[in-house]
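Comments concern the structure below.
Quick note: the coordinates plus some simple rules give every number you see, no bench work behind them. Values in this document were obtained by computation on a predicted structure and should not be read as measured data. Reconstructed Cβ throughout: ideal geometry from the backbone, glycine too, with neighbour counts over all protein chains shown.
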Amino acid sequence: MTVLDTAFPKLKLKNKLLLPIVQGGMGVGISAHGLAGNVARLGAVGTISSVDLRRHHPDLMARTDKTRDKALINEVNLIALDREIRAAHAIAEGNGVIAVNVMRAVAEYAAYVRQSCESGADAIVVGAGLPMDLPELTSEFPDVALIPILSDARGISLILKKWMRRKRLPDAIVIENPQYAAGHLGAAGLDSVNDPHFAFSVVLEETLQLFKQLGLESENIPLITAGGIHSPQQVGELFALGASAVQLGTPFAVSEEGDAHINFKKVLTQARPEDIVTFMSCAGLPARAVKTQWLSNYLDKEAKLQGKAGPKECTVGFDCLHQCGLRDGIAKAGQFCIDTQLGFALQGDVKRGLFFRGSEKLPFGSEIRPVRELIDYLLNGVMPAAATA
């Protein structure tokens with residue numbers, strides 16, 4: 001398989017020139033080695049989500065079956081992360097970049113970052129919180145690209161000023177618009193998800209101005225826009241506004257190479273606009289997903305569950321989040337086990353799964369197509385004959 005090309009300027013990340021396409025990191029297990037490796041093989045950025053990757057490894061699941069031993073679960077998840085990174089590189093055959101997405105909100109954030117670097121990840125991408133300490137955590141791995149995910153210029157300013165004091169700059173910045181993105185969203189609450197100050201045009205302009213103020217114009221830090229992107233026209237418009245690349249999650253999740261069960265892909269591709277809802281996750285962040293049977297039932301009971309919220313033991317002994325609405329009794333946050341529900345989605349359990357999805361239409365409608373066709377369409381406008389966008 002040959003790498004793709006495009007007339008758009010290449011994305012420069014460390015010493016590599018790449019297609020200006022980034023595949024977003026999607027957990028639990030939605031973006032693992034299969035998806036990330038195949039995206040990178042084409043010359044783009046493939047991303048593994050670090051969360052609970054043992055679910056892709058039957059031997060590791062057998063070791064932790066029904067256990068509440070947090071240390072053992074953490075140990076096997078690091079083994080799984082190492083396997084996934086190495087397997088993705090094998091598929092990529094030296095092309096593109098293999099990144100690992102680590103949520104700042106997870107308890108094992110630092111361990112995941114270190115393991116990713118030790119296992120050969122080309123880049124670390126961090127969202128769901130401000131990764132102020134990422135330069136320190138990766139100081140022994142100067143060749144690993146560091147990419148924070150932020151939603152507004154204020155967050156970008158905080159990271160830049162903090163990292164500059166550590167004599168480090170981001171190698172790229174993902175600007176994610178919570179109005180359109182899937183999964184956990186970079187807004188303070190549900191009432192601010194659609195705030196106009198998150199618009200790409202606003203954040204790109206403010207960030208470029210911030211670079212001027214901080215004397216960083218010559219650094220040429222790439223800005224990667226994420227959230228709701230589904231057409232080559234949008235890609236062109238974002239480049240004209242100052243973006244260096246685009247990141248997509250849901251369109252890659254439903255690709256042939258996506259690591260989730262076929263039922264997962266069908267739920268996302270067949271969702272109508274009215275089926276997609278925004279709610280509070282147990283991570284204390286707004287989140288966007290398809291209103292399937294489990295989510296509908298949960299939302300019907302949400303107010304009652306929040307009214308009874310109180311501290312309790314982690315239902316699976318995993319304690320995956322720094323702060324969990326269910327475990328810690330935080331009434332304003334979600335009252336469910338996110339790892340369990342996302343695990344059901346990965347397995348294709350339509351009744352019990354939580355299916356994160358972006359708000360916008362998909363490039364190929366309800367069709368499940370190869371990542372090569374997706375990238376070729378977004379960057380070159382080549383629509384496969386059978387696809388109906």
Of all DSSP beta bridges located in the chain, what percent are antiparallel, nearest 5? 30 percent
Roughly how many debye, to the nearest 20, is the charge dipole of the chain about its Cα centre, given +1 on each Lys and Arg Cβ, -1 on each Asp and Glu Cβ, and no other charges? 560 debye
If each part is reduced to its alpha-carbon centroid, segment 275-317 and segment 326-389 end up apart, in Å, by 18 Å
Sequence ranges 330-340, 240-250, 135-145, ranked by mean other-Cβ count within 10 angstrom, highest first: 240-250, 330-340, 135-145
What length, rounded to one decimal in nm, is gained on full extension from residue 65 through to residue 5, with 0.36 nm per residue of separation minus their alpha-carbon distance? 17.1 nm
Please compute the net charge surrounding residue 370, taking Lys and Arg as +1 and Asp and Glu as -1 over other residues with Cβ under 13 Å from its Cβ. -1
Cα point-scatterer Debye curve for the chain, base-10 log of I(q)/I(0) at q = 0.13 Å⁻¹: -1.05
Within segment 1-35, whose backbone N sits under 14 Å from a point 7 Å along Cα→Cβ of residue 220? 9-18
Per the Kirkwood formula on distinct C-alpha pairs, the Rh of segment 102-201 is how many angstrom? 14.1 Å
In nanometres, the difference between 0.36 nm per residue of separation and the alpha-carbon distance of residue 382 and residue 237 is 50.5 nm
Using per-residue counts of other Cβ atoms within 10 Å, averaged over each peptide, order 98-109, 219-230, 60-71 from highest down. 98-109, 219-230, 60-71
Given 25 °C, 0.890 mPa s and a Kirkwood radius over Cα pairs, the Stokes-Einstein diffusion coefficient of segment 1-152 in µm²/s is 157 µm²/s
Looking at this model, which pairs from 291/332; 70/304; 70/265 are more than 24 angstrom apart at the alpha-carbon? 70/304; 70/265
When Rg is the radius of gyration of the Cα atoms in segment 272-346 and Rh is its Kirkwood radius, what does Rg/Rh come to? 0.96
What are the membrane-span-like helices in the chain by this rule: whole DSSP H runs, Cα extent along the axis at least 27 Å, mean Kyte-Doolittle hydropathy at least -0.5? 70-92
